[in-house]
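J.: I'd like to ask you about the structure that follows.
The values are calculated or read from the model by the stated rules, or taken from the named source; none is laboratory data. The model shown is predicted, which means the values in this text are computed figures rather than measured ones. So basically every Cβ, Gly included, is an ideal-geometry build from the backbone, and we count neighbours across all protein chains shown. Please note that ligands, DNA and RNA were not included when accessible areas were found on the heavy atoms of the full protein model with its side chains. Shrake-Rupley method; radii C 1.70, N 1.55, O 1.52, S 1.80 Å.
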Amino acid sequence: MGKTRIKFSVSSDNVTKGTRVCHFRKGDEGKGIVAYTMVFIEKLRKIGKRRTADRYATTIRSLKRYLGCEDITFERIDGEVIQGYEQWMLTRGLCRNTTSFYIRNLRSIYNHAVDDGAVVSCSPFKHVYTGIDKTVKRALPLEAVKRLKEVDLSKKPRMAFARDMFLFSFYTRGMSFIDMAQLTIGNLQGGVLCYRRQKTAQQLSIKWADLMQQIVTKYRKDDSPYLLPLACGRGATFQHRYKNTYKRIGKQLKKLGEMLQLPIPLTTYVARHSWASIAKSKNVEISTISEALGHDSEKTTRIYLSSLDTSLVDMANSLIINSI
(Lines give C-alpha, C1' and ligand atoms only; values in the text may rest on other atoms or scores of the structure.)
Protein backbone atom coordinates (compact mmCIF):
# COMPACT_ATOMS: atom_id res chain seq x y z
CA MET A 1 0.00 0.00 0.00
CA GLY A 2 1.46 3.35 -0.99
CA LYS A 3 2.06 6.33 1.25
CA THR A 4 -0.84 8.57 2.16
CA ARG A 5 0.03 11.92 0.64
CA ILE A 6 -1.09 15.39 1.55
CA LYS A 7 -2.82 16.98 -1.40
CA PHE A 8 -2.20 20.68 -1.92
CA SER A 9 -4.01 22.60 -4.60
CA VAL A 10 -2.54 26.07 -5.02
CA SER A 11 -5.80 27.36 -6.48
CA SER A 12 -8.14 25.93 -3.84
CA ASP A 13 -10.00 27.83 -1.15
CA ASN A 14 -7.89 25.97 1.38
CA VAL A 15 -4.81 27.88 0.25
CA THR A 16 -6.45 31.21 1.02
CA LYS A 17 -7.86 30.07 4.33
CA GLY A 18 -4.74 28.21 5.39
CA THR A 19 -6.79 25.08 6.25
CA ARG A 20 -4.94 21.79 5.94
CA VAL A 21 -5.61 18.13 6.69
CA CYS A 22 -2.32 16.45 7.53
CA HIS A 23 -1.75 12.73 7.83
CA PHE A 24 1.09 12.54 10.33
CA ARG A 25 1.10 8.93 11.34
CA LYS A 26 1.89 7.50 14.76
CA GLY A 27 5.56 6.68 14.95
CA ASP A 28 6.55 9.60 12.74
CA GLU A 29 7.27 11.87 15.74
CA GLY A 30 10.77 13.31 15.54
CA LYS A 31 10.97 12.67 11.80
CA GLY A 32 9.19 15.88 10.80
CA ILE A 33 10.70 19.15 9.69
CA VAL A 34 9.23 21.05 12.66
CA ALA A 35 10.68 18.67 15.24
CA TYR A 36 14.03 18.67 13.44
CA THR A 37 14.10 22.47 13.22
CA MET A 38 13.33 22.99 16.91
CA VAL A 39 16.36 20.88 17.83
CA PHE A 40 18.46 22.69 15.23
CA ILE A 41 17.37 26.07 16.61
CA GLU A 42 18.51 25.14 20.12
CA LYS A 43 21.92 24.12 18.76
CA LEU A 44 22.23 27.47 16.97
CA ARG A 45 21.36 29.40 20.11
CA LYS A 46 23.92 27.51 22.15
CA ILE A 47 26.69 28.57 19.78
CA GLY A 48 25.54 32.18 19.76
CA LYS A 49 23.77 32.29 16.38
CA ARG A 50 20.59 33.81 17.80
CA ARG A 51 19.58 35.79 14.74
CA THR A 52 19.73 32.73 12.52
CA ALA A 53 17.80 30.77 15.13
CA ASP A 54 15.14 33.49 15.29
CA ARG A 55 14.78 33.51 11.49
CA TYR A 56 14.28 29.76 11.42
CA ALA A 57 11.79 29.91 14.30
CA THR A 58 9.74 32.56 12.46
CA THR A 59 9.82 30.50 9.27
CA ILE A 60 8.72 27.28 10.92
CA ARG A 61 5.80 29.06 12.63
CA SER A 62 4.71 30.33 9.22
CA LEU A 63 4.98 26.85 7.72
CA LYS A 64 2.86 25.38 10.53
CA ARG A 65 0.13 27.94 9.86
CA TYR A 66 0.14 26.94 6.21
CA LEU A 67 0.06 23.23 6.92
CA GLY A 68 -2.68 23.49 9.53
CA CYS A 69 -0.94 20.82 11.61
CA GLU A 70 1.96 20.44 13.99
CA ASP A 71 4.42 18.69 11.68
CA ILE A 72 5.04 16.96 8.37
CA THR A 73 7.63 14.30 7.58
CA PHE A 74 10.53 15.28 5.37
CA GLU A 75 9.56 12.64 2.82
CA ARG A 76 6.28 14.44 2.16
CA ILE A 77 7.92 17.78 1.43
CA ASP A 78 7.95 17.88 -2.35
CA GLY A 79 7.66 20.53 -5.02
CA GLU A 80 3.87 20.57 -4.74
CA VAL A 81 4.02 21.36 -1.02
CA ILE A 82 6.59 24.14 -1.46
CA GLN A 83 4.75 25.71 -4.40
CA GLY A 84 1.54 25.58 -2.39
CA TYR A 85 3.28 27.30 0.52
CA GLU A 86 4.57 30.05 -1.77
CA GLN A 87 1.13 30.62 -3.27
CA TRP A 88 -0.47 30.65 0.18
CA MET A 89 1.88 33.42 1.29
CA LEU A 90 1.19 35.44 -1.85
CA THR A 91 -2.58 35.18 -1.33
CA ARG A 92 -2.06 36.58 2.18
CA GLY A 93 -0.54 39.74 0.69
CA LEU A 94 3.16 39.03 1.23
CA CYS A 95 5.50 40.49 -1.37
CA ARG A 96 7.90 38.31 -3.37
CA ASN A 97 10.92 39.34 -1.31
CA THR A 98 9.14 38.23 1.86
CA THR A 99 8.02 34.89 0.42
CA SER A 100 11.55 34.39 -0.89
CA PHE A 101 12.92 35.09 2.60
CA TYR A 102 10.77 32.36 4.15
CA ILE A 103 11.47 29.85 1.38
CA ARG A 104 15.22 30.48 1.50
CA ASN A 105 15.17 29.83 5.25
CA LEU A 106 13.12 26.68 4.70
CA ARG A 107 15.54 25.53 2.00
CA SER A 108 18.47 26.09 4.34
CA ILE A 109 16.79 23.98 7.04
CA TYR A 110 16.01 21.28 4.48
CA ASN A 111 19.61 21.26 3.23
CA HIS A 112 20.92 20.90 6.78
CA ALA A 113 18.61 17.90 7.21
CA VAL A 114 19.99 16.42 3.98
CA ASP A 115 23.55 16.89 5.28
CA ASP A 116 22.54 15.23 8.56
CA GLY A 117 21.09 12.25 6.71
CA ALA A 118 17.54 12.98 7.88
CA VAL A 119 16.21 12.98 4.31
CA VAL A 120 17.29 12.23 0.76
CA SER A 121 16.78 15.39 -1.24
CA CYS A 122 14.05 15.45 -3.88
CA SER A 123 14.92 19.05 -4.86
CA PRO A 124 11.52 20.50 -3.83
CA PHE A 125 12.64 24.13 -4.23
CA LYS A 126 13.34 24.11 -7.97
CA HIS A 127 10.15 25.86 -9.04
CA VAL A 128 9.70 28.55 -6.40
CA TYR A 129 11.16 32.05 -6.26
CA THR A 130 14.24 32.39 -4.03
CA GLY A 131 15.75 35.55 -5.47
CA ILE A 132 15.67 39.12 -4.18
CA ASP A 133 13.79 41.79 -6.10
CA LYS A 134 15.07 45.32 -6.14
CA THR A 135 13.49 46.86 -3.04
CA VAL A 136 11.68 50.16 -2.89
CA LYS A 137 13.71 53.13 -1.78
CA ARG A 138 14.44 53.04 1.94
CA ALA A 139 16.66 56.10 2.27
CA LEU A 140 15.75 59.60 3.41
CA PRO A 141 17.31 62.70 1.88
CA LEU A 142 19.37 64.98 4.08
CA GLU A 143 16.55 67.52 4.48
CA ALA A 144 14.22 64.82 5.84
CA VAL A 145 16.81 63.74 8.41
CA LYS A 146 17.15 67.40 9.45
CA ARG A 147 13.39 67.58 9.94
CA LEU A 148 13.53 64.49 12.15
CA LYS A 149 16.27 66.05 14.26
CA GLU A 150 14.58 69.42 14.64
CA VAL A 151 10.93 68.43 15.20
CA ASP A 152 9.66 69.32 18.70
CA LEU A 153 8.68 66.10 20.47
CA SER A 154 8.86 67.42 24.02
CA LYS A 155 5.23 66.40 24.61
CA LYS A 156 5.77 62.95 23.06
CA PRO A 157 8.59 61.35 25.12
CA ARG A 158 8.18 57.84 23.63
CA MET A 159 8.34 59.20 20.12
CA ALA A 160 11.29 61.43 21.07
CA PHE A 161 13.16 58.39 22.40
CA ALA A 162 12.53 56.45 19.19
CA ARG A 163 13.64 59.45 17.11
CA ASP A 164 16.84 59.85 19.14
CA MET A 165 17.72 56.16 18.82
CA PHE A 166 17.20 56.48 15.07
CA LEU A 167 19.52 59.49 14.99
CA PHE A 168 22.14 57.69 17.08
CA SER A 169 22.11 54.90 14.50
CA PHE A 170 22.47 57.47 11.73
CA TYR A 171 25.31 59.29 13.53
CA THR A 172 27.17 55.99 13.96
CA ARG A 173 27.08 55.17 10.24
CA GLY A 174 23.93 53.09 10.38
CA MET A 175 24.78 50.95 13.40
CA SER A 176 22.20 48.19 13.85
CA PHE A 177 19.92 48.47 16.89
CA ILE A 178 21.11 45.16 18.34
CA ASP A 179 24.69 46.47 18.28
CA MET A 180 23.54 49.74 19.84
CA ALA A 181 21.79 47.81 22.61
CA GLN A 182 25.01 46.01 23.53
CA LEU A 183 27.24 49.09 23.73
CA THR A 184 28.81 49.54 27.17
CA ILE A 185 31.06 52.14 28.75
CA GLY A 186 34.00 49.93 27.81
CA ASN A 187 33.25 50.38 24.11
CA LEU A 188 34.07 54.09 24.37
CA GLN A 189 37.76 54.78 24.93
CA GLY A 190 39.85 57.83 24.08
CA GLY A 191 37.16 59.48 22.01
CA VAL A 192 36.64 56.39 19.84
CA LEU A 193 33.69 54.02 19.91
CA CYS A 194 34.82 50.47 19.14
CA TYR A 195 32.41 47.57 18.76
CA ARG A 196 32.05 44.25 17.01
CA ARG A 197 29.09 43.77 14.67
CA GLN A 198 26.94 40.89 15.82
CA LYS A 199 25.97 40.05 12.24
CA THR A 200 29.48 39.68 10.81
CA ALA A 201 31.77 39.78 13.91
CA GLN A 202 33.74 42.55 12.19
CA GLN A 203 35.22 45.15 14.54
CA LEU A 204 34.48 48.78 13.69
CA SER A 205 35.77 52.04 15.13
CA ILE A 206 33.90 55.34 15.08
CA LYS A 207 35.20 58.73 16.13
CA TRP A 208 32.99 59.96 18.96
CA ALA A 209 31.02 63.12 18.15
CA ASP A 210 29.12 65.67 20.25
CA LEU A 211 25.77 64.66 18.73
CA MET A 212 26.33 61.07 19.89
CA GLN A 213 27.31 62.24 23.38
CA GLN A 214 24.18 64.40 23.66
CA ILE A 215 21.96 61.36 23.16
CA VAL A 216 23.95 59.21 25.60
CA THR A 217 23.91 61.99 28.21
CA LYS A 218 20.15 62.38 27.80
CA TYR A 219 19.27 58.70 28.26
CA ARG A 220 22.06 56.82 29.99
CA LYS A 221 21.28 55.50 33.47
CA ASP A 222 24.05 55.88 36.06
CA ASP A 223 23.49 52.40 37.48
CA SER A 224 23.69 50.68 34.09
CA PRO A 225 26.82 49.56 32.24
CA TYR A 226 25.07 50.19 28.90
CA LEU A 227 25.41 53.44 26.97
CA LEU A 228 21.78 53.32 25.83
CA PRO A 229 18.66 52.01 27.62
CA LEU A 230 17.60 49.56 24.91
CA ALA A 231 17.91 46.44 27.06
CA CYS A 232 19.52 45.09 30.21
CA GLY A 233 20.39 41.81 31.85
CA ARG A 234 21.99 38.83 30.17
CA GLY A 235 21.11 35.95 27.90
CA ALA A 236 17.41 35.32 27.39
CA THR A 237 16.44 38.24 29.65
CA PHE A 238 18.45 40.67 27.53
CA GLN A 239 17.00 39.29 24.29
CA HIS A 240 13.43 39.48 25.58
CA ARG A 241 13.77 43.07 26.78
CA TYR A 242 15.55 44.13 23.62
CA LYS A 243 12.83 42.67 21.38
CA ASN A 244 10.11 44.48 23.34
CA THR A 245 11.99 47.79 23.15
CA TYR A 246 12.69 47.30 19.45
CA LYS A 247 8.99 46.72 18.72
CA ARG A 248 7.99 49.85 20.65
CA ILE A 249 10.58 51.93 18.80
CA GLY A 250 9.35 50.56 15.47
CA LYS A 251 5.76 51.56 16.24
CA GLN A 252 6.79 55.06 17.31
CA LEU A 253 8.96 55.57 14.23
CA LYS A 254 6.08 54.57 11.99
CA LYS A 255 3.83 57.14 13.69
CA LEU A 256 6.56 59.79 13.48
CA GLY A 257 7.08 59.18 9.77
CA GLU A 258 3.36 59.51 9.13
CA MET A 259 3.18 62.65 11.25
CA LEU A 260 5.98 64.30 9.27
CA GLN A 261 4.62 62.92 5.98
CA LEU A 262 7.99 61.47 5.08
CA PRO A 263 8.35 60.05 1.55
CA ILE A 264 8.95 56.50 2.83
CA PRO A 265 7.83 54.49 5.89
CA LEU A 266 10.18 55.25 8.77
CA THR A 267 11.84 52.14 10.19
CA THR A 268 15.02 51.45 12.14
CA TYR A 269 16.81 50.24 9.00
CA VAL A 270 16.15 53.52 7.19
CA ALA A 271 18.93 55.12 9.26
CA ARG A 272 21.51 52.81 7.68
CA HIS A 273 20.21 53.27 4.14
CA SER A 274 20.01 57.04 4.63
CA TRP A 275 23.59 57.33 5.87
CA ALA A 276 24.89 55.42 2.87
CA SER A 277 22.74 57.34 0.40
CA ILE A 278 23.69 60.74 1.80
CA ALA A 279 27.36 59.76 1.93
CA LYS A 280 27.19 58.88 -1.75
CA SER A 281 25.51 62.22 -2.52
CA LYS A 282 28.46 63.91 -0.76
CA ASN A 283 30.81 62.16 -3.23
CA VAL A 284 32.27 59.88 -0.57
CA GLU A 285 34.04 56.96 -2.25
CA ILE A 286 31.97 53.78 -2.48
CA SER A 287 34.84 51.83 -0.95
CA THR A 288 34.84 54.15 2.07
CA ILE A 289 31.09 53.79 2.48
CA SER A 290 31.42 50.01 2.30
CA GLU A 291 34.10 50.08 4.98
CA ALA A 292 32.04 52.42 7.13
CA LEU A 293 29.04 50.11 7.02
CA GLY A 294 31.11 47.06 7.82
CA HIS A 295 30.45 45.32 4.50
CA ASP A 296 33.64 43.30 4.68
CA SER A 297 32.24 40.60 2.41
CA GLU A 298 31.41 42.89 -0.52
CA LYS A 299 33.53 42.74 -3.67
CA THR A 300 33.95 46.53 -3.58
CA THR A 301 35.69 46.32 -0.22
CA ARG A 302 37.87 43.34 -1.16
CA ILE A 303 39.38 45.28 -4.08
CA TYR A 304 41.06 47.64 -1.66
CA LEU A 305 43.39 47.03 1.27
CA SER A 306 42.13 44.76 4.06
CA SER A 307 41.70 47.82 6.27
CA LEU A 308 41.21 51.38 5.05
CA ASP A 309 42.67 54.33 6.91
CA THR A 310 40.01 54.96 9.58
CA SER A 311 40.52 58.71 9.24
CA LEU A 312 38.80 58.53 5.85
CA VAL A 313 35.76 56.97 7.47
CA ASP A 314 35.79 59.47 10.33
CA MET A 315 36.01 62.35 7.86
CA ALA A 316 33.05 60.94 5.95
CA ASN A 317 31.00 60.61 9.12
CA SER A 318 31.91 64.12 10.34
CA LEU A 319 30.97 65.54 6.94
CA ILE A 320 27.53 64.01 7.20
CA ILE A 321 26.56 64.64 10.83
CA ASN A 322 27.93 68.19 10.74
CA SER A 323 25.43 68.89 7.97
CA ILE A 324 22.54 68.23 10.35
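J.: If you place +1 on the Cβ of every Lys and Arg and -1 on the Cβ of every Asp and Glu, how big does the dipole about the Cα centre of segment 158-233 come out, in debye to the nearest 20?
T.: Values: 10 positive and 5 negative charges, 45 e Å.
Taking the Cα centre of segment 158-233 as origin, the dipole is about 220 debye.
J.: In the structure shown, do any of 49/221; 64/255; 156/247 have a Cα-Cα gap over 22 Å, and if so which?
T.: Exceeds cut-off: 49/221; 64/255.
J.: Place a +1 charge on the Cβ of each Lys and Arg in segment 141-287 and a -1 charge on the Cβ of each Asp and Glu, then give the dipole magnitude about the Cα centre in debye, rounded to the nearest 20.
T.: Working: 26 positive and 10 negative charges, 96 e Å.
Its charge dipole is roughly 460 debye.
J.: Per residue, how large is the accessible surface of segment 177-221? Use a 1.4 angstrom probe and give square angstrom. If you can, show how the numbers build up before the last one.
T.: On the way: 2360 Å² over 45 residues.
About 53 Å² of surface per residue is accessible.
J.: In addition: Share of segment 87-171's accessible area from carbon and sulfur, percent, 1.4 Å?
T.: Here carbon and sulfur together make up 49 percent of the probe-accessible area.
J.: With a 10 Å radius around each residue's Cβ, average the other Cβ atoms per peptide and rank 182-188, 171-177, highest first. Don't skip to the answer; put the middle values down first.
T.: Details: 182-188: 15.4, 171-177: 22.9.
Result, highest mean first: 171-177, 182-188.
J.: Regarding segment 142-218, what is the average projected area of its C-alpha convex hull, in nm²? If you can, show how the numbers build up before the last one.
T.: Working: hull surface 22.2 nm².
Spelled out: convex hull of the Cα atoms, projected over all directions, averaged, 5.6 nm².
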